[in-house]
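> What follows is a single structure, and I will ask about it in a moment.
The values are calculated or read from the model by the stated rules, or taken from the named source; none is laboratory data. Note that the structure is predicted; figures quoted are calculated from it, not measured. Neighbour counts run over all protein chains shown; Cβ positions are idealised from the backbone, glycine included. Remember, those area values only see protein heavy atoms, side chains included, never the ligands or the DNA or RNA. Shrake-Rupley method; radii C 1.70, N 1.55, O 1.52, S 1.80 Å.
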Amino acid sequence: MRAGAWLAAGLLLLGCGAASAQVVQGRLELQWGDPAPAPAEQRLQSRLLATLVTDDGARIALDPAQARRAAGDLYALSNRRVAVAFATQGRGVLQRTEVEVIVPADRPWQRAPALDAAGRVVAEAPVSGTTRWVTLACKFRDIATEQKSRDFFTSQYGYLPGQLGHYWIEVSYGRIDLAGSQAYGWFSLPSPRSAYVTMVDGEEEADLDKLFADCGAAADPTVNFAGVQGVNMMFNGDLDGYAWGGGACATLDGARRCLSTTWNPPWSFGNLAPLAHEMGHGYGLPHSDNSDGDDDTYDNPWDVMSDAWSNAMHNVTFGALPKHINMVQRDRLGWVDAARKRIIPAGNIATTQVALDFASLKGATNLQMIVLAMPARPDPYATVFYTLEARRRTGTYESALAGDAVIIHKVEDYGTAYSVDADEPPADIANNEGSMFKPGETWLSPDHSRWVRVDAMTATGFLVTVGPMPRVTGGRLPALRRTAAPVAPQPTAPARSARGSWDAGPGRTDGARAIR
């Protein structure tokens with residue numbers, strides 16, 4: 001079925017008439033802007049640019065909020081050919097054009113019916129095999145400084161612990177590698193910084209397309225771009241206060257090539273953590289967040305795609321090292337084996353104990369991701385679900401984590417994962433005790449339909465009991481009081497045990513946990 005037919009079906013699902021929509025095809029570019037590190041109250045807000053690039057090179061800016069709703073899983077469509085339906089709303093001075101539906105135009109796809117057991121539309125964007133990146137070091141005509149050497153940039157792709165080649169193999173469980181990646185430069189840009197970074201509405205704004213076009217053109221005689229997955233550009237001056245990652249197109253080797261792309265100022269390329277964060281955007285990964293309800297997305301240190309700096313390991317050569325991505329992000333890229341993931345459907349009332357292996361463990365024999373499905377919503381993309389994963393302070397990248405614990409994420413807002421915090425109020429950064437669920441502790445979902453108890457820590461992870469809230473007689477359950485060490489876990493959830501009883505009272509929006 002062609003893209004037009006899929007669009008018509010999508011418009012009918014939305015209650016729109018296909019004839020009322022203008023349909024435009026092109027390539028979807030998503031570019032995330034990540035500000036330089038600073039205290040939260042001084043840090044710039046993250047940015048997301050969504051652009052439809054038509055076949056004749058025209059660029060149509062899309063409102064990100066509208067695009068998320070129109071696509072369902074916008075991030076799965078990053079760097080792909082899409083068809084976009086625009087509809088006119090209102091009349092006269094109130095008339096406006098909105099994005100109604102976005103669907104892939106490169107292969108058949110369904111907007112609503114293909115649901116998994118969690119009630120979500122299945123829209124993963126798998127990445128596998130060799131993903132070759134090249135670094136292009138480009139300097140502005142009016143800035144002579146070359147902060148790092150070509151050898152340094154090439155060594156970032158190495159396969160020793162603490163290098164990107166090693167990191168991406170580890171975090172993907174061997175699904176991808178960076179074979180053939182190397183660095184080139186420095187190349188001189190034809191214009192000064194002021195030609196690329198201009199003032200727009202009183203704020204600096206980098207022309208990302210011009211930077212890619214000119215940096216790529218300067219490197220083109222030297223670099224063979226055949227088989228390249230992505231380009232990491234390193235600039236010798238600040239851009240607009242941001243490092244950027246996502247996708248872009250430029251003429252390279254005489255052909256128009258659309259690649260995963262990053263734009264890095266010196267503060268970004270001097271540390272592997274922000275560079276890995278931008279490469280994650282190049283692979284199509286969005287930000288994660290915590291549950292404090294503010295506008296700062298950089299406060300979940302359990303995912304390099306949120307807070308790349310907190311609880312990071314460091315080394316002398318490459319600065320802050322990247323932590324792993326969370327299991328939601330791994331699953332999005334197709335890196336979680338079906339045997340390592342279990343979806344517990346909404347309405348399931350069975351109480352089950354499962355072994356949850358650490359997310360960092362390659363070759364795990366037990367589950368590494370539990371998905372707790374919640375009741376479906378009319379828009380399946382907006383359906384909320386929760387995930388459980390086990391994290392451990394270990395290895396080159398994760399030894400500075402806040403603790404060994406089960407981490408719970410709530411996934412909503414069309415694919416954003418929010419770490420759950422049982423403290424009230426939630427912490428500004430999710431490296432607090434309230435964000436870690438340890439043996440002897442429980443969690444209850446806001447609607448009281450999901451109850452989780454961490455029973456014990458094992459050599460490879462945790463034993464976790466999942467089920468409905470335990471039923472008891474005789475009134476409200478008192479809060480759990482932890483013993484010095486958890487006793488042998490129970491296969492089902494009893495009303496009481498030697499460990500105590502559970503607080504089943506109302507909690508905050510992210511659920512309630514027993515008192516520590």
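> May I ask you to say which residue of Ala504, Ala493, Ala479, Ala405 is at pLDDT 95 or above, open to solvent by less than 40 Å² (accessible area, probe 1.4 Å) and of a type in the set (A, V, I, L, M, F, W, C)?
Working: Ala504 fails: at pLDDT 95 or above; Ala493 fails: at pLDDT 95 or above; Ala479 fails: at pLDDT 95 or above.
Answer to the check: Ala405.
> Okay, next question. For Val223, which of the numbered conditions (1) under 15 Å from Phe187 (Cα atoms); (2) assigned to a strand (DSSP E or B) fails to hold?
(2)
> How many residues are out of contact with any strand residue (DSSP E or B) (no Cβ under 6 Å at 6 or more places or on another chain), in a strand (DSSP E or B) and touching a residue at least 12 places away in the same chain (Cβ under 8 Å) when one looks only at region 253-270?
Summing the residues that are out of contact with any strand residue (DSSP E or B) (no Cβ under 6 Å at 6 or more places or on another chain), in a strand (DSSP E or B) and touching a residue at least 12 places away in the same chain (Cβ under 8 Å) in region 253-270 gives 1.
> Criterion first (closer than 30 Å to Ser194 by Cβ, in a loop (DSSP other than H, G, I, E, B), of a type in the set (Gly, Ala, Ser) and open to solvent by less than 10 Å² (accessible area, probe 1.4 Å)) does Ala308 satisfy it?
Working: closer than 30 Å to Ser194 by Cβ: yes; in a loop (DSSP other than H, G, I, E, B): yes; of a type in the set (Gly, Ala, Ser): yes; open to solvent by less than 10 Å² (accessible area, probe 1.4 Å): yes.
When the stated conditions are applied, Ala308 passes them.
> Every residue in region 143-162 that is more than 16 Å from Gly319 (Cα to Cα) and within 27 Å of the chain's Cα centre (by Cα), please.
Tyr159
> Among the numbered criteria (1) under 12 Å from Phe235 (Cα atoms); (2) assigned to a loop (DSSP other than H, G, I, E, B); (3) in contact with a strand residue (DSSP E or B) (Cβ under 8 Å, 6 or more places away or on another chain), which one does Gly180 miss?
Evaluating Gly180 over (1) under 12 Å from Phe235 (Cα atoms); (2) assigned to a loop (DSSP other than H, G, I, E, B); (3) in contact with a strand residue (DSSP E or B) (Cβ under 8 Å, 6 or more places away or on another chain) leaves (1) as the failure.
> Residue by residue through region 40-55, note down the ones that are part of a loop (DSSP other than H, G, I, E, B) and among the hydrophobic types (A, V, I, L, M, F, W, C). Walk me through how you get there before you give the answer.
Start the filter on region 40-55 by keeping residues that are part of a loop (DSSP other than H, G, I, E, B), which leaves 40-46, 55.
Selection gives Ala40, Leu44.
> Related question: Could we say that Pro439 is farther than 27 Å from Trp335 by Cβ and crowded, with 16+ Cβ neighbours inside 10 Å here? I'd like the intermediate steps shown before the answer.
Working: farther than 27 Å from Trp335 by Cβ: yes; crowded, with 16+ Cβ neighbours inside 10 Å: yes.
For Pro439, the condition - farther than 27 Å from Trp335 by Cβ and crowded, with 16+ Cβ neighbours inside 10 Å - is met.
> Here is a follow-up. Of all the residues that make up region 344-385, how many are buried (at least 19 other Cβ atoms within 10 Å of the Cβ) and within 23 Å of Thr416 (Cα to Cα)?
Summing the residues that are buried (at least 19 other Cβ atoms within 10 Å of the Cβ) and within 23 Å of Thr416 (Cα to Cα) in region 344-385 gives 18.
> Determine whether region 194-214 contains at least one residue that is in a loop (DSSP other than H, G, I, E, B), touching a residue at least 12 places away in the same chain (Cβ under 8 Å), in contact with a Lys or Arg (Cβ under 6 Å, 6 or more places away or on another chain) and open to solvent by less than 10 Å² (accessible area, probe 1.4 Å).
yes
> Within the set of pairs 6+ apart or on separate chains, which have a first residue in region 142-155 that is exposed (fewer than 13 other Cβ atoms within 10 Å of the Cβ), a second that is assigned to a loop (DSSP other than H, G, I, E, B), and C-beta atoms under 9 Å apart?
If the second residue must be assigned to a loop (DSSP other than H, G, I, E, B), the pairs left are Asp142/Ser191; Asp142/Pro192; Asp142/Gly237; Ala144/Asn236; Thr145/Asn236; Thr145/Gly237.
> Hey, could you check region 416-428 for residues that are surrounded by 21 or more Cβ atoms within 10 Å (Cβ to Cβ) and under 17 Å from the mean Cα position of the chain (by Cα) and say which is nearest to Val454 (Cα to Cα)? Spell out how you get there, then give the answer.
As a first pass, look at region 416-428 and keep what is surrounded by 21 or more Cβ atoms within 10 Å (Cβ to Cβ): 417-422, 426.
Filter once more, keeping what is under 17 Å from the mean Cα position of the chain (by Cα): 417-420.
On the way: Ala417: 21, Tyr418: 20, Ser419: 17, Val420: 15 Å.
Top of the filtered list is Val420.
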